[in-house]
1. Roughly speaking, what is the centre-to-centre gap between region 99-124 and region 50-81 when only Cα atoms are used, to the nearest Å?
2. Any chance you could look up the accessible area of residue 99 with a 1.4 Å probe, heavy atoms only, rounded to 10 Å²?
3. Go through 60, 104 and list them by solvent-accessible area, largest first, probe radius 1.4 Å.
4. Please sort through the DSSP H helices of the chain and keep those with an alpha-carbon extent of at least 27 Å along the long axis and a Kyte-Doolittle average not below 0.0.
5. Between residue 124 and residue 77, how high is the FRET efficiency from 1/(1 + (r/R0)^6) when r is the Cβ-Cβ distance and R₀ = 25 Å? Nearest 0.05.
6. Rank these by accessible area, largest first, 1.4 Å probe: 70, 86, 47.
7. At R0 = 41 Å, how high is the FRET efficiency between residue 42 and residue 67 if r is their beta carbon distance? Nearest 0.05 is fine.
8. Could you derive backbone 3J(HN,Hα) for region 14-30 from the dihedral phi with the Karplus parameters 6.51, -1.76 and 1.60 (θ = phi - 60°), listing whole Hz in sequence and x where the residue is Gly or Pro?
Amino acid sequence: MSEDSKRSVVVERTGTGHFVATNTRGGTIHFGTASDGATHTEFTPVELLLAALGGCSAADVDVATSRHAEPPEFSVSVTGDKISDELGNRMTGLTVTFHVVFPDGEGAERARAILPRAVKTSHDRLCTVSRTVESGTPVTVTLEEA
C-alpha cells in the first residue's frame with residue numbers, strides 16, 4: 001500500500017445523535033441518527049452507505065457515457081432492507097437502479113449503446129464502494145487511549 005492509496009475521513013460529534021465527517025480536502029457532510037425524537041433532514045449512516053453505492057457507480061457511468069452525449073435525465077436509485085438477525089444489524093437486498101435518458105443524435109446512440117456495459121463494468125470492477133461491500137472486507141475497530 002502506498003500513501004496514494006490511503007483514504008480517510010474524521011467523524012466528530014456535534015451534538016446528541018449529530019455528527020460531521022470531514023475529508024482531507026476540507027469537505028464536510030453532516031449526518032445523524034435523529035434518535036432525539038425530532039424530525040431531521042440529515043442523512044443517517046445507512047443512507048450515506050446507500051448514497052455511496054449509488055454515487056460511486058453514477059460517477060463511473062457518467063464518465064463513460066457523457067463524453068458522447070449529455071443526458072437530460074440521469075438518476076440512480078439505491079434500495080435495501082435493514083435487518084437484525086444472528087449476524088447483527090446489517091443491510092440485505094441492496095439494489096442499484098439506473099435511469100438514464102439521452103437525446104436523439106449520433107453521440108446519444110453511442111452513449112445508449114455503451115450504457116449497459118458501463119453499468120456492468122462499474123459493478124464488476126470499477127466502483128470501489130460496491131466492490132468493497134461485495135468482497136466482505138473486514139473492518140478493524142480500535143479504541144485510542146485518552
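The values are calculated or read from the model by the stated rules, or taken from the named source; none is laboratory data. As the structure is a prediction and not an experimental result, all values here were calculated from the model. Don't worry about glycine lacking a Cβ; one is built from the backbone with ideal geometry, like all the others, and counts go over all protein chains shown. In case anyone asks, the SASA skips ligands and DNA or RNA and just uses the protein heavy atoms, side chains included. Shrake-Rupley method; radii C 1.70, N 1.55, O 1.52, S 1.80 Å.
1. Using only Cα atoms to place each centre, the spacing works out to 11 Å.
2. Its accessible surface works out to 90 Å², give or take rounding.
3. Descending accessible area places them as 104, 60.
4. Helices meeting the span and hydropathy rule in the chain are 45-66.
5. The value I calculate is 0.80.
6. Largest accessible area first, the residues go 86, 70, 47.
7. My answer for the efficiency is 0.75.
8. Karplus-based 3J(HN,Hα) across region 14-30 equals 10, x, 4, x, 10, 9, 9, 9, 10, 8, 5, 8, x, x, 10, 9, 8 Hz.
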